[in-house]
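Here is the structure we will look at.
The values are calculated or read from the model by the stated rules, or taken from the named source; none is laboratory data. Every value quoted in this text rests on a predicted model; they were computed, and no experiment measured them. Cβ: placed from backbone, ideal geometry, glycine included. Neighbour counts: every protein chain shown. Please note that ligands, DNA and RNA were not included when accessible areas were found on the heavy atoms of the full protein model with its side chains. Shrake-Rupley method; radii C 1.70, N 1.55, O 1.52, S 1.80 Å.
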Amino acid sequence: VQLQASGGGLVQAGGSLRLSCAASGSTFSSYVMGWYRQAPGKGRELVAQIMTSGRTNYADSVEGRFTISRDNAKNTVYLQMNNLKPEDTAVYYCAARFAGRNEPDYWGQGTQVTVSS
């Protein structure tokens with residue numbers, strides 16, 4: 001599986017961005033999809049994930065502001081980010097894992113999100 005992320009950019013605090021991650025292959029619907037981020041000098045953290053059932057979960061820091069969704073017909077997962085804060089500044093990565101595994105099996109390249117105050 002190859003993952004191609006897009007949609008990052010520079011936005012002012014309070015603004016919105018939508019990230020997209022397009023996957024190759026025909027088994028997209030079988031994967032748990034997630035968005036991770038890594039800020040300068042920090043470790044990579046899970047931001048949001050969406051199960052094969054459509055169930056979602058979020059990091060506390062983004063709950064209520066970010067929404068993850070998937071379109072299995074388009075092999076694409078999205079991350080709608082609203083009310084962005086400077087602390088959301090990071091490189092964002094999409095990832096895919098098989099259900100039942102704890103860590104991603106595949107990673108996309110990162111896309112930079114910068115939120116100015």
- Note on the structure: Among GLY54, GLY34, the single one that is at pLDDT 95 or above, of a type outside the set (Val, Ile, Thr) and within 19 Å of ASP105 (Cβ to Cβ) is GLY34
- Might you let me know whether the stretch 58-79 holds any residue that is closer than 13 Å to SER20 by Cβ and in contact (Cβ under 8 Å) with a residue 60 or more places away in the chain? yes
- Query: Looking only at the stretch 89-103, which residues are of a type outside the set (A, V, I, L, M, F, W, C) and open to solvent by 20 Å² or more (accessible area, probe 1.4 Å)?
  - Reply: THR89, TYR93, ARG97, GLY100, ARG101, ASN102, GLU103
